[in-house]
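Everything below concerns the one structure shown next.
The values are calculated or read from the model by the stated rules, or taken from the named source; none is laboratory data. This one's a predicted model, so the numbers in the text were calculated from it and none came from an experiment. Accessible surface areas use protein heavy atoms only, side chains included; no ligands, DNA or RNA. Shrake-Rupley method; radii C 1.70, N 1.55, O 1.52, S 1.80 Å.
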Amino acid sequence: MKVGVLTGGGDCPGLNAVIRGVVRKAERTYGDEVVGFLDGWRGLLDDRQMPLDVEACRGLVTRGGTILGTSRDQPYMFDDGVERVKATMARHCVDALIVIGGEGTLSAAARVHADGVGLVGVPKTIDNDVAGTDRTFGFDTAVQTATDAIDRLRTTAESHDRVIVVEVMGRHVGHIATWAGIAGGATIVLVPEEPFDISAICESLRRRHQRGRFSSIVVVAEGATPAPGTLDVSEPTIDEYGHARLGGIGNVVAKEIEQRTGFETRVTVLGHVQRGGTPSALDRVLSTWYGVAAMTAAHEGDFGTMVAFQNNRVVRMRLDECVASLKYTHPDLLSVARTFFP
């Protein structure tokens with residue numbers, strides 16, 4: 001059997017470990033062959049690929065990014081996209097695909113499978129927003145990176161009696177903001193799931209400072225939005241993939257806090273540093289587990305599935321069900337965060 005593998009969407013710590021797991025299981029257990037398609041779906045559309053074997057994957061478990069490259073292109077951006085994917089697979093005698101990606105990449109994969117291509121999905125996103133799985137790989141690394149940044153910013157905030165706003169990733173969900181905010185002892189956490197009232201935030205900060213605490217950390221997910229009628233913000237522009245260009249809400253919040261309270265306020269936007277670099281130990285293990293499990297599913301012909309982590313084990317879920325909705329931050333965890341708000 002010959003299996004193709006691709007990595008799509010944003011880069012993420014652990015991608016290379018998944019590839020390594022796929023190749024090791026394919027070659028050493030099944031005697032199967034693996035080919036990697038370059039730059040996500042674009043590699044299948046343009047017929048660009050590279051052979052993958054155990055020797056080529058040595059050392060990948062610790063390496064961030066993806067040796068295959070990635071892009072946000074997908075077959076349905078082109079009238080003949082699916083036909084091109086099928087033609088490339090036929091040309092290289094590829095029997096099945098393993099598609100590693102987040103919500104956008106896996107949504108395209110579900111459609112491609114419905115159009116007749118055998119494939120298995122692997123959930124990848126630092127946002128942890130793919131439904132059907134307790135955890136996506138890359139999330140743990142991103143949370144630790146954000147927590148480390150909050151720890152460092154706290155000392156400078158305390159030294160200067162400042163409010164520091166930390167903007168983290170999270171387009172539609174606040175998993176990173178909530179976890180890192182709790183872990184880092186943030187004063188307030190703002191997430192997309194709960195529109196915020198800037199007046200209430202400023203009042204909370206005033207109460208805190210009246211109690212003799214003269215520094216605060218406010219963690220803001222990039223997709224956080226103000227409650228209707230509480231604060232005017234400009235509409236984001238839309239990129240060529242139909243995604244809103246987010247980022248900047250941290251600056252808006254910091255400006256409003258300083259103007260309304262008089263407290264000196266600074267902002268730090270963590271940006272892409274959250275999804276770069278070496279994966280954590282947890283993400284290395286989870287990624288490897290996913291890669292091995294995905295290859296097993298592909299070899300067994302269990303197509304249209306996604307490997308998922310549930311109750312401390314890897315299981316298979318129907319891919320179309322997993323991409324039907326996003327996984328939002330659980331209200332119980334948001335309640336835990338609110339317990340520590342002033």
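Observations on the model:
- Residue ranking by accessible heavy-atom surface, 1.4 Å probe, largest first, among Thr29, Thr125 comes out as Thr29, Thr125.
- Lys327 long-range amide H proximity, modeled H, under 5 Å: Val130, Ala131
- Helix 15-24 axis, angle to the chain major axis (alpha carbon atoms, nearest 10°): 30 degrees
- Per residue value of the accessible surface for region 32-145 (all protein chains in place, 1.4 Å probe), Å²: 36 Å²
- Here the 3J(HN,Hα) profile of region 101-106, calculated from phi with Karplus coefficients 6.51, -1.76 and 1.60 at θ = phi - 60°, is x, x, 4, x, 5, 6 Hz, Gly and Pro shown as x.
- Overall Cα dimensions of region 4-91 - principal axes, largest extent first, Å: 39, 28, 15
- Extension gain from Arg206 to Met50, taking 0.36 nm per residue of separation minus the Cα-Cα distance: 50.3 nm
- Placed amide H near Val165: partners under 5 Å, 5+ positions off or other chain: Val218, Arg266, Val267, Thr268
- Backbone amide hydrogens, once placed in the peptide plane, bring Glu193 within less than 5 Å of Gly174, excluding anything fewer than 5 places away on its chain.
- Against the main long axis of the alpha-carbon atoms of the chain, helix 198-210 sits at an angle near 60°.
- Cα-based shape type of region 55-103, given that a ≥ b ≥ c are square roots of the gyration tensor eigenvalues and the cut on a/c is 1.5: oblate
- In Hz, Karplus ³J(HN,Hα) per residue of region 214-223 (6.51, -1.76, 1.60; θ = phi - 60°; x = Gly, Pro): 9, 9, 8, 10, 10, 9, 10, 6, 4, x
- Heavy-atom accessible area order for Cys93, Cys12, largest first, 1.4 Å probe: Cys93, Cys12
- For the chain, the tally of Lys pairs with Cα-Cα distances below 20 Å comes to 4, considering only residues 8 or more apart or on different chains.
- Cα pair count fraction exceeding 39 Å, expressed as % - the chain: 21 percent
- Taking θ as phi - 60° and the Karplus parameters 6.51, -1.76 and 1.60, the scalar couplings of region 154-161 work out to 4, 5, 6, 5, 5, 5, 10, 6 Hz in sequence order, x denoting glycine and proline.
- To put it simply, the accessible area of the chain at a 1.4 Å probe is 48 percent carbon and sulfur.
- Å³ per residue enclosed by the Cα convex hull of region 184-342: 172 Å³
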